[in-house]
Each structure stands twice: as C-alpha cells, then as structure tokens.
Ligand SMILES: Nc1ncnc2c1ncn2[C@@H]1O[C@H](COP(=O)(O)OP(=O)(O)OP(=O)(O)O)[C@@H](O)[C@H]1O
Ligand SMILES: [Mg+2]
C-alpha cells in the first residue's frame, strides 16, 4: 500500500499543485531514512455537533496517513455506534466493556486496556454499543480521567479520538480530554450549525482544559461538480476564516467501500490518499513535526 500510494503521489506531483505534499513524499523517497517526530505526544479529538460529517472516516484515514509516516498512532473509539471499530475489521458486537475506555471513564481503572493491533504502529481501543450506558453515568469528577490514562500511556506519538456526534456525553469527554479539537465538516448548513454548537461549548470545556482549542476544520465529502458544494466552500472560507480550514476531501464512493473492506481508502483508489496526505501534512507542520534523518543524509 505505502509504495503504491507514494508512487502515485510522485507520478501525480508533476501534474498537480500540491506543494504541501513534500513531507510524505520525501520520507518515502529516502526509503525510510527519514522519520517524522512530534515534539510531544499529541491528543486530538474529532468532534462535530453533527452526524455523518466524516469524523470516523477522517479519524481512520488520517491515522493510516500518520502511520505511513512512521508515527505511532493510537485510535480511540469514543462512540457507542462503534463505526470505527467495525470499519477497522473488528466486530463491535464481540467487544467487551473491559476492552473499551468505559472502565477508565468511570474511574474503575487507571490504565487504558491493552489496545488491538491494527497494523505495525497503529492500535485501536475499540467501542461497543454498551458504552452508551457508561456515557450516562459519567460525573464531573470523572471528566478528565481519560486524559490522565492517556498520559500514563507510553509508546505513542499521536492519540486520535473519534467522538460521537454530540457536545454532551462522549462528544464532550473526547473534547475535554484532548489537546485540540478537529472539526470535520461536509459542505452543508448542518456542519456550520454543528461547529457553532462546539464554539458555544468551548468556554465550558476550557474550565476543565484551559488550553483546549479548535485546531482545524476539515471539509469532507466535497463534490466539485455541484454548485451547492462550491458555493458552500466559498461560504466556509468567508465565514470561518478565523479557523484553519483544511481539505476539501473529495466525495467518493470508495470511502464506503474502504469501510466494508477494512482498509484505508488509498488501497482501493491511491489518488484519494493525496488530499488526505495534504491534510495530514498541514497538521504535522502545525504541530511542529520534525523530519529527522538517519545515516547523515541531508
Ligand atoms: N469523502 C467522502 N466521500 C464519500 N463518502 C464519505 C466521505 N467521507 C465519509 N463518507 C461517508 O459518509 C458517511 C458518514 O461518514 P462518517 O461515519 O465518517 O461520519 P461521522 O461524522 O463519523 O458520523 P457519525 O456522526 O454518525 O459518527 C459514511 O457512510 C462514510 O462512508
Ligand atoms: Mg462517526
């Protein structure tokens, strides 16, 4: 997969204006002699107070993209719908509560459970439907327990938390326990309303986590062939210019197919990796990622 994606990338580079693609391209061109590092472990929550906007899809695809660059990534499924768990090839019906974040959220465990290995450098703490019962029981003193458990974890550069589509319950928990919130947005009014919901709650959440910010918006499911999407993108750029806007990620049926096949979308359609890499690349720059060289190459 990695080879295909990067070969596609190199082939396409001559034709496409993708200046921000340099980091992954160079990593691969140097045949693993370069490594991306982050200054410290970063915890990112994918949140929007709107359903179906691409939170789970972007969690999964970005996790694979960061993994390709050599980052050690932990995905946390913080949604009782458990889509992320199912799309990564586990059957969430068979997941026990002990395998989820549930015990940590309720203060019954200090450490997160042993994660499921998805591939080398990419792990998952899965979810299951019963997590919605935990959601109802979480009290204010428990609000930062997830963060404390993440801080006890060794061996990860990045923790990506896929949240449920709410600003209460697990959506709030995911946000409060993160360094930053990333907001996936389809080109719809619904997504703007969802973002506004987050903005309204941010001050409340900052009482628990004063550093918490909205780090970026990612425009997803963008159909360049429709007037609606093009107009909405312009509206986003005008209205939301105080936020870092990333994407757009094109609309493609391959994203659904990738879920059924439990693969990153790039394995089915390599050039769909390009916009995802561009988003990953922008985030890495923002997080102060360093490219370090092995063997003295410069
Ligand atoms: N770029 C895309 N092109 C086409 N379909 C997409 C794209 N991104 C996501 N989808 C599809 O849109 C649907 C919703 O995506 P997803 O489940 O990731 O959103 P979500 O915000 O996590 O939803 P929920 O709020 O229910 O958790 C899924 O069927 C997914 O396959
Ligand atoms: Mg989801």
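The values are calculated or read from the model by the stated rules, or taken from the named source; none is laboratory data. Please read these numbers as outputs of a predicted model, since none were measured by experiment. Cβ atoms come from the backbone with ideal geometry, glycine included; neighbour counts cover every protein chain shown.
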I'd like to check something: does region 262-272 contain any residue that is within 16 Å of ligand 2 (Cβ to nearest atom) and assigned to a helix (DSSP H, G or I)?
yes
By residue number, the members of region 71-86 that are crowded, with 22+ Cβ neighbours inside 10 Å and either free of Cβ contacts under 8 Å to residues at least 12 places away in the same chain or within 16 Å of ligand 1 (Cβ to nearest atom) (or both) are 75, 76, 77, 78, 79, 82, 84, 85
Quick check on region 100-120. Is at least one of its residues more than 26 Å from residue 208 (Cα to Cα) and within 16 Å of ligand 1 (Cβ to nearest atom)?
no
Which condition number does residue 267 fail, the rest of (1) surrounded by 21 or more Cβ atoms within 10 Å (Cβ to Cβ); (2) touching a residue at least 40 places away in the same chain (Cβ under 8 Å) being met?
(1)
Going through region 46-67 in order, the residues found to be within 10 Å of ligand 2 (Cβ to nearest atom) and either part of a strand (DSSP E or B) or touching a strand residue (DSSP E or B) at 6+ places or on another chain (Cβ under 7 Å) (or both) are 46, 48, 53, 54, 55, 56, 58, 59
Got a sec? Which of 25, 43 is closer than 30 Å to residue 145 by Cα and either more than 16 Å from ligand 2 (Cβ to nearest atom) or at pLDDT 95 or above (or both)?
43
